[in-house]
Amino acid sequence: MRFFFDTEFHEDKHGVELISLAFVKENGEEYYAINKDYDQNRSSQWLKSNVIPRLELVKTEGLLYKTLSTIKQDLIDFCHDMDEVWGFCATYDWFLVSRIMGGMMQKPAEWPFQAFDIQQALHEKNMWMNQLPPYHSNFTHNALHDARWTKNAYNVIYPTQGQ
């Protein structure tokens, strides 16, 4: 099954730390979690203005704030049928998912090795961002909103494959 995902993260000279992540399956099922252990006081001003206030804006079922070990088990359970995964500027996102799993080689064997990227697909199809659904909204930089957007963008780029 095809999945669409996004993360929000903190990056500084000490590395990259997950703030939140979301996965949306092509059948519409969703997973969203916020890293319970992330210290929001460490956030840059940009994160404090653009990400932190949006963490809880989306409607989802279940507990939002979870430990990384709980998120790891949730992802193993939720993504058991993942054949293909798509993101938007997905390099750090896939790196963070790999880290949650314990490293690139520790991800479940049935998971894809790489994440596909909407920006690369646009380039390959000779398309432009303005041909996709509008990206910016009051929910932009919420991982679940952005994963949903990625699914919609994919369906525009590949209309017969995404249905």
Tally up the residues in the stretch 113-136 that are assigned to a loop (DSSP other than H, G, I, E, B), closer than 17 Å to PHE4 by Cα and among the polar types (S, T, N, Q), please. 1
For the stretch 35-50, does any single residue satisfy the condition of being more than 19 Å from HIS10 (Cβ to Cβ) and not hydroxyl-bearing (Ser, Thr, Tyr)? no
Looking for whichever is in a loop (DSSP other than H, G, I, E, B) and either at pLDDT 95 or above or in contact with an Asp or Glu (Cβ under 8 Å, 6 or more places away or on another chain) (or both) here; the options are THR160, THR140. Which one fits? THR140
Hey, could you check the stretch 138-163 for residues that are in contact with a Gly (Cβ under 9 Å, 6 or more places away or on another chain) and of a type in the set (Val, Ile, Thr) and say which is nearest to ALA33 (Cα to Cα)? THR150
Among the residues of the stretch 121-137, which ones are within 22 Å of ILE34 (Cβ to Cβ) and either of a type in the set (Phe, Trp, Tyr) or modelled with pLDDT of 95 or more (or both)? TYR135
Exception for HIS136 within (1) surrounded by fewer than 11 Cβ atoms within 10 Å (Cβ to Cβ); (2) touching a residue at least 12 places away in the same chain (Cβ under 8 Å) falls at (2)
When you scan the stretch 37-50, do you find a residue that is of a type outside the set (A, V, I, L, M, F, W, C) and under 25 Å from PRO112 (Cβ atoms), even just one? no
For the stretch 92-131 the number of residues that are of a type in the set (Gly, Ala, Ser), farther than 18 Å from ASN155 by Cβ and more than 16 Å from the chain's Cα centre (by Cα) is 3
Name the residue that is surrounded by the most Cβ atoms within 10 Å (Cβ to Cβ), counting only residues in the stretch 57-72 that are among the hydrophobic types (A, V, I, L, M, F, W, C) and touching a residue at least 60 places away in the same chain (Cβ under 8 Å). VAL58
Does PHE3 qualify as being surrounded by 14 or more Cβ atoms within 10 Å (Cβ to Cβ) and modelled with pLDDT of 95 or more? yes
Exactly one of (1) more than 17 Å from the chain's Cα centre (by Cα); (2) part of a loop (DSSP other than H, G, I, E, B) is unmet by CYS89. Its number? (1)
Members of the stretch 95-112 found to be surrounded by 11 or more Cβ atoms within 10 Å (Cβ to Cβ) and either among the polar types (S, T, N, Q) or not in a helix (DSSP H, G or I) (or both), listed by number: SER98, GLN106, LYS107, PRO108, TRP111, PRO112
Could you check how many residues of the stretch 98-133 are among the hydroxyl-bearing types (Ser, Thr, Tyr) and in contact (Cβ under 8 Å) with a residue 40 or more places away in the chain? 0
Just the residues that are of a type in the set (Asp, Glu) and farther than 26 Å from PRO53 by Cα, please, taken from the stretch 96-150. GLU110, ASP117, GLU124
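The values are calculated or read from the model by the stated rules, or taken from the named source; none is laboratory data. Computed from a prediction, not measured in an experiment: that's the story for all the values here. All Cβ positions, even for glycine, are placed from backbone atoms using ideal geometry, and neighbour counts span all protein chains on display.
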